[in-house]
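Structure, as structure tokens:
Every number in this text was worked out from the coordinates using simple rules, so none of it is lab data. Predicted model, so just to flag it, every value in this text is computed and none were measured. Cβ: placed from backbone, ideal geometry, glycine included. Neighbour counts: every protein chain shown.
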Amino acid sequence: MRGLFITFEGTEGSGKSTQIALLAARLREAGTVVHTVREPGGTPIGEEIRHTLKHSQDNAAMTAEAELLLMNASRAQLVREVIRPALQAGQTVLCDRFYDSTAAYQGYGRGLDLATVRAIIDFAVGEVRPDLTLLLQIPHILGEERLRTRRSAIPLVRDRFEEADAAFFERVAKGYRAIAEAEPGRVRVLDGSGGVEEVRAAIWQLVRGMVSGIGAKV
């Protein structure tokens, strides 16, 4: 039996990482084998690419095209090394970002041709597609406030994406809305501006029926 593949999407500060950890804990309590991964990254090769894309001090001249290809190089490795084997073993995978991020950030945000973006994504992921995508939407100003709070509590390393201007993130948000409208059966939009427990409960309502179908004790 194929496992369950759930992806989390949203702009910076939307709460994805927090909610992935909460859902993973809940699923493990229910007896489900869960893998949590992130993009870019999730494998030794992918983590090196992540550093180049996000944190390196030498990445200021990176073009949108190079960014697109590096994202999908990391993704191709993650799919073949982790995601596909886990799904084939009947396990559950929770991924912090997947190909919708590329469509939103590199397609809508950077302005690359969407047909080209999708063709490169298709080559990277093969037949692997999420069963469910949870899109956490928040106002950009709230995302900035959350990032400032995080930085004040724990100094964060430089993130090249967080350095983009408000217009970039407006285009990204527009992209996410278009993706959700195009695939309402897969992409479920959630208000990420509420409290952690409120968002957690809303996610569980969407996921519970799916995991019960693969034998979890829910």
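Between Gln57 and Ser17, the contour length at 0.36 nm per residue exceeds the Cα-Cα span by 12.0 nm. Rounded to the nearest 500, the helix-only mean residue ellipticity at 222 nm of the chain stands at -15000 deg cm²/dmol, with each DSSP H run of n ≥ 4 adding -39,500 (n - 2.57). Taking the C-alpha atoms only, the angle from helix 196-212 to the longest principal axis of the chain is near 50 degrees. Between Gly13, Gly192, Gly31, the Gaussian network model of the chain with springs among Cα atoms under 10 angstrom shows the greatest mean-square fluctuation at Gly31. Please give the helix 140-153 orientation as an angle from the longest Cα principal axis of the chain, in degrees from 0 to 90, rounded to the nearest 10. Rounded to the nearest ten degrees, it is 90. For the chain, the longest principal axis of the Cα atoms and the long axis of helix 16-29 meet at an angle of about 20 degrees.
Of the options (1) 43, 17, 14; (2) 26, 21, 17; (3) 38, 17, 17, only one is semi-axes √(5λ) of the Cα gyration tensor in Å as computed from these coordinates, and that is (2). Extension gain for Val157 to Lys174 (0.36 nm times residue separation, less C-alpha to C-alpha distance): 3.4 nm. Can you work out the PRE-style zone for His140? Point 7 Å along Cα to Cβ, and I want the residues of the stretch 155-174 with backbone N under 13 Å. What the label zone holds, given the 13 Å backbone N cut-off, is 162-174.
A cut-off under 12 angstrom between Cβ atoms defines the neighbours of Leu70, and their net charge, with Lys, Arg +1 and Asp, Glu -1, is 0. Taking the chain as a Gaussian network of alpha-carbon nodes connected by springs under 10 Å, the highest mean-square fluctuation of the residues Glu29, Glu163, Glu47 belongs to Glu163.
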